[in-house]
Amino acid sequence: MIDIAVCDDEKNIRTYICSLIRKQGTECRITEYASAEEYLLAGAAHNLLFLDIEMKADGEEDKSGMWLAGQLRGMELARQPVIIFVTGYEKYVYDAFDVRAFQYLLKPIDEEKFSRVFACAVRQIKAAREKQNEAPDRQMLIVPQGSEKRVIPLDDIYYLESHSHKVILTLKAEKAEYYAKIGELEKKFRGQFYRIHKGYLINLSHVDAYNGSEVTMANGDRLLISKRKYADFRKAYMEYISEG
């Protein structure tokens, strides 16, 4: 079962998108929202979101779909849906990449393109579920602490820093360190993590922005990126976000 949300201020558009979804024959539950604020207030988690970029309420400009997408990207990964923008304006297409949108559909919606995009989104959602069911040691880091061991979910790690013979973990709420080789962790967690510099191994799911000299993480930390790593980093990052 896939939970799908359709957020658009026009009732007829919502109805049409819902009808297209049902034509695809995928087992799903569909919820409609008339505004970005209504979606957030509901507090529900969805796997897939069809989102209008420009929305109005009571004749006034309401918080846009782009605003909602930004809010969702600030949430924990488990609550972030695959986003497909629905818009009547091509000028917004490039802005969609800033909030890691999966795809966009131009109004009036082409049914064949809708089917292709929908099928790709469903495959991505199913692949993400399979990934979550992988062996536990691929989803967490086990850190020795004295005579005990601490289990840290990978999603709690912003980045790892090599320092002397230790690895320093920058986590959501704290820092931690232990004796380890960053090169071995790079191999173990390849795909979700990328080594942008000999001293930094970053979690791609927490990248906020980047340029040719540094990467800004979701917690605001700016990390130096090696010039020779930049092209490969961009490729790895784009592959990661395209896979969900």
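The values are calculated or read from the model by the stated rules, or taken from the named source; none is laboratory data. The model shown is predicted, which means the values in this text are computed figures rather than measured ones. Neighbour counts run over all protein chains shown; Cβ positions are idealised from the backbone, glycine included.
Restricting Lys91, Lys126 to those that are exposed (fewer than 15 other Cβ atoms within 10 Å of the Cβ), assigned to a helix (DSSP H, G or I) and at pLDDT 85 or above reduces the list to Lys126. Leu105 passes every criterion in (1) at pLDDT 80 or above; (2) part of a loop (DSSP other than H, G, I, E, B); (3) not basic (Lys, Arg) apart from (2).
Quick one: would you say Arg116 is of a type in the set (Lys, Arg) and modelled with pLDDT of 90 or more?
Working: of a type in the set (Lys, Arg): yes; modelled with pLDDT of 90 or more: yes.
Against the criterion (of a type in the set (Lys, Arg) and modelled with pLDDT of 90 or more), Arg116 qualifies.
Has region 29-38 got at least one residue that is surrounded by 13 or more Cβ atoms within 10 Å (Cβ to Cβ), in contact with an Asp or Glu (Cβ under 8 Å, 6 or more places away or on another chain), part of a strand (DSSP E or B) and of a type in the set (A, V, I, L, M, F, W, C)? Checked against the condition, which is being surrounded by 13 or more Cβ atoms within 10 Å (Cβ to Cβ), in contact with an Asp or Glu (Cβ under 8 Å, 6 or more places away or on another chain), part of a strand (DSSP E or B) and of a type in the set (A, V, I, L, M, F, W, C), region 29-38 yields no hits at all. Note on region 129-162: among residues that are under 19 Å from the mean Cα position of the chain (by Cα) and in a helix (DSSP H, G or I), the one that is modelled with the lowest pLDDT is Arg138. Is it the case that Ile225 is at pLDDT 90 or above, in contact with a helix residue (DSSP H, G or I) (Cβ under 6 Å, 6 or more places away or on another chain), farther than 24 Å from Lys149 by Cβ and β-branched (Val, Ile, Thr)? In short, no. When region 178-222 is limited to residues that are farther than 15 Å from Ile157 by Cβ and in a loop (DSSP other than H, G, I, E, B), the one that is nearest to the chain's Cα centre (by Cα) turns out to be Gly220. In this structure, is Tyr200 surrounded by 15 or more Cβ atoms within 10 Å (Cβ to Cβ) and in contact (Cβ under 8 Å) with a residue 40 or more places away in the chain? It is true that Tyr200 is surrounded by 15 or more Cβ atoms within 10 Å (Cβ to Cβ) and in contact (Cβ under 8 Å) with a residue 40 or more places away in the chain. For region 206-223, a residue qualifies if it is surrounded by 18 or more Cβ atoms within 10 Å (Cβ to Cβ) and either among the hydroxyl-bearing types (Ser, Thr, Tyr) or at positive phi (or both), and exactly one does: Tyr210.
Picking from Ser147, Ser226, which residue would you name as being free of Cβ contacts under 8 Å to residues at least 40 places away in the same chain, surrounded by fewer than 17 Cβ atoms within 10 Å (Cβ to Cβ) and touching a His at 6+ places or on another chain (Cβ under 8 Å)? Before you say what the answer is, go through the steps one by one.
Numbers: Ser147 fails: touching a His at 6+ places or on another chain (Cβ under 8 Å).
Exactly one of Ser147, Ser226 is free of Cβ contacts under 8 Å to residues at least 40 places away in the same chain, surrounded by fewer than 17 Cβ atoms within 10 Å (Cβ to Cβ) and touching a His at 6+ places or on another chain (Cβ under 8 Å), namely Ser226.
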